[in-house]
1. Which of the following residues is under 16 Å from ILE40 (Cβ atoms) and free of Cβ contacts under 8 Å to residues at least 24 places away in the same chain: ASP73, ASP80?
2. Does the range 42-53 contain any residue that is crowded, with 16+ Cβ neighbours inside 10 Å and over 26 Å from VAL88 (Cβ atoms)?
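Every number here is computed from the coordinates shown, using simple stated rules; none is lab data. Just so it is clear, the structure is predicted and the values come from calculations on it, not from any experiment. FYI the Cβ positions are ideal-geometry reconstructions off the backbone, even for glycines, and counts take in every protein chain you see.
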Amino acid sequence: MNSRGYLRVTLANEGVIAADFTATAGDCNVPVQSMPAQRIALDAKAQADVSFEVYMTSQAAVVGASCTVRVLDSQNKVTDTAVVRFDVNATSVDAQVMSDGTRETLSGSAPAARTCLDKCGSVLNFVCLYLRGCNKELGLGVFIVLGTLCAGEGLRVEG
């Protein structure tokens, strides 16, 4: 499970000419996925915000988490370094709502087993039955439809 947050920093070019910079975030004291460096061009005396997406690889809460942000110039020399501190809330994901409105368990204890009819609502919901691999119920639905059509047409079997 990944939980996502954002680490936002403001970069400022305090020089008198436009310059290209690279911002990196790393050396975190919490388990996070690596964050790609970000390049930015700034006019003289200009500033801009840079956002890093922080993906936690643990669901635990952390107080006093930190990552180091470094700013490099166009020659890849470090021009500034800052330690950014933040707290992480615990993440608990119990279920995911599927496109058909049902809920699938992702973690925690599993709910009671659900039948195909619970998931799809009817043997006539052919698409849902097919997508979930409910072949027995799908066959029953087709049999009901064909039986109804045959009875409505007054077909006779001659032998």
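1. Being under 16 Å from ILE40 (Cβ atoms) and free of Cβ contacts under 8 Å to residues at least 24 places away in the same chain holds for just one of ASP73, ASP80, which is ASP80.
2. Among the residues of the range 42-53, at least one is crowded, with 16+ Cβ neighbours inside 10 Å and over 26 Å from VAL88 (Cβ atoms), which makes the answer yes.
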